[in-house]
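Bear in mind these aren't lab numbers, they're just calculated from the coordinates by the rules spelled out. The model shown is predicted, which means the values in this text are computed figures rather than measured ones. Cβ atoms come from the backbone with ideal geometry, glycine included; neighbour counts cover every protein chain shown.
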Amino acid sequence: MQHLKDLIREVLDFPKPGINFYDITTLLKDPGGFREVINCLSAHYRSTPIDVVLGIEARGFIIAPAVAYALGYGFVPVRKEKKLPAERERIEYALEYGTDVLEIHRDAISPGQNVLIIDDVLATGGTAAAVARLVEMLNGKVAGLGFILELDFLKGREKLAGYDVHSLLHY
């Protein structure tokens, strides 16, 4: 997987001093790299019972629909507050410096559906844990959480204990 890491640009001191940002746009623009990411994430979940693939705004919107297509399932977006037009379920969750809100249409997941959650990066785990709670608030079942890369030193996986968590790349 080193060849995929080589396609990811590391931006120092972004969004603030002391933070290193792993920019996947350089991976996504590479046809072979993008294809491999989708194929590898899809392969991991091919034998998992799934009814729908959910993507988290914003970069999860790039990866999740492609994984859903590869697996033959539909796609459900989880958006930032006030972006969805119909009745919504919402969750407010803590960030390192404040709070954020995510929403999903109430009819996006039926009770008992198996939901695969896809995003680009697993960092502190707060966003992914909040989305898993949203799925469960709608009586769905989290079939797994898939990521392109995981920042192991932030220990985000700990917030997702009990779930199948799969990351292609580890930093």
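Quick notes on this one:
- Most to least packed among 43-55, 140-152, 15-27 [average Cβ atoms within 10 Å]: 140-152, 43-55, 15-27
- Relative contact order (percent, whole number), the chain, Cα cutoff 8 Å, 6+ residue spacing: 18
- Note on Thr25/Thr48: beta-carbon distance plugged into 1/(1 + (r/R0)^6) with R0 of 35 Å gives a FRET efficiency of 0.80.
- For Arg106 and Met1, the difference between the fully extended length at 0.36 nm per residue and the C-alpha to C-alpha distance is 34.0 nm.
- Most mobile listed residue (Glu96, Glu136, Glu87) in the chain, GNM with C-alpha springs under 10 Å: Glu96
- Relative packing of peptides 88-95, 113-120 - highest average C-beta neighbours within 10 Å first: 113-120, 88-95
- Only helices enter the 222 nm calculation for the chain: every DSSP H run of n ≥ 4 contributes -39,500 (n - 2.57), and dividing by all residues gives -8000 deg cm²/dmol, rounded to 500.
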